[in-house]
Amino acid sequence: LQEQGKYVIPNVRWGDERTYDKKLCDFAPAFAGIPKNSVVSIGTYGCCRQKEDKYFLEAGLSAMLSELTPRVVIVYGSYNPKIFGQYEHYTHFHHLPDWISYKRKKVS
């Protein structure tokens, strides 16, 4: 779509450190091809259930902010202030609640 001149907001996804770290190769696979200083989105739905999940979410978020320096990060799903709050001075986060929370009226 970008090649056809359409505006695209890339969705950034990562797993463990092998996907957001440059230890195995000279680039972080999770961020390959994503423009720097742009608008990106991430999904947190299902990424915050266990302590290990939260660790990788935060570590990947930190790596993404450092690597891509996005102007805006759209967050779809839960928005844990303990994770995102410490990075709010790096970029602007725009939170979109997930559909299930919205339907259960947990968010307005």
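The values are calculated or read from the model by the stated rules, or taken from the named source; none is laboratory data. Since the model is a prediction, treat every value here as computed from it, not as a measurement. As a convention, Cβ positions derive from the backbone with ideal geometry for all residues, glycine included, and neighbour counts pool all protein chains shown. For accessibility, only protein heavy atoms count, side chains too; no ligands or nucleic acids. Shrake-Rupley method; radii C 1.70, N 1.55, O 1.52, S 1.80 Å.
Miscellaneous remarks
- Using C-alpha pairs under 8 Å with a sequence gap of at least 6, the mean separation divided by the residue count of the chain gives a relative contact order of 23 percent.
- Solvent-accessible area per residue in the chain equals 69 Å², computed with a 1.4 angstrom probe and all protein chains kept.
- Our helix-only sum for the chain, with -39,500 (n - 2.57) per DSSP H run of n ≥ 4 divided by its residues, gives a mean residue ellipticity at 222 nm of -7500 deg cm²/dmol.
- Per-pair calculated FRET efficiency, R0 = 22 Å: H89 and Y55 via Cβ, rounded to 0.05: 0.55
- Put a plus charge on the Cβ of each Lys and Arg, a minus charge on the Cβ of each Asp and Glu, and nothing anywhere else: the dipole of the chain about its Cα centre is then about 500 debye.
- Cross-link pairs exceeding 30 Å between alpha carbons, from the set K82/K103; K36/K103; K6/K51: K36/K103; K6/K51.
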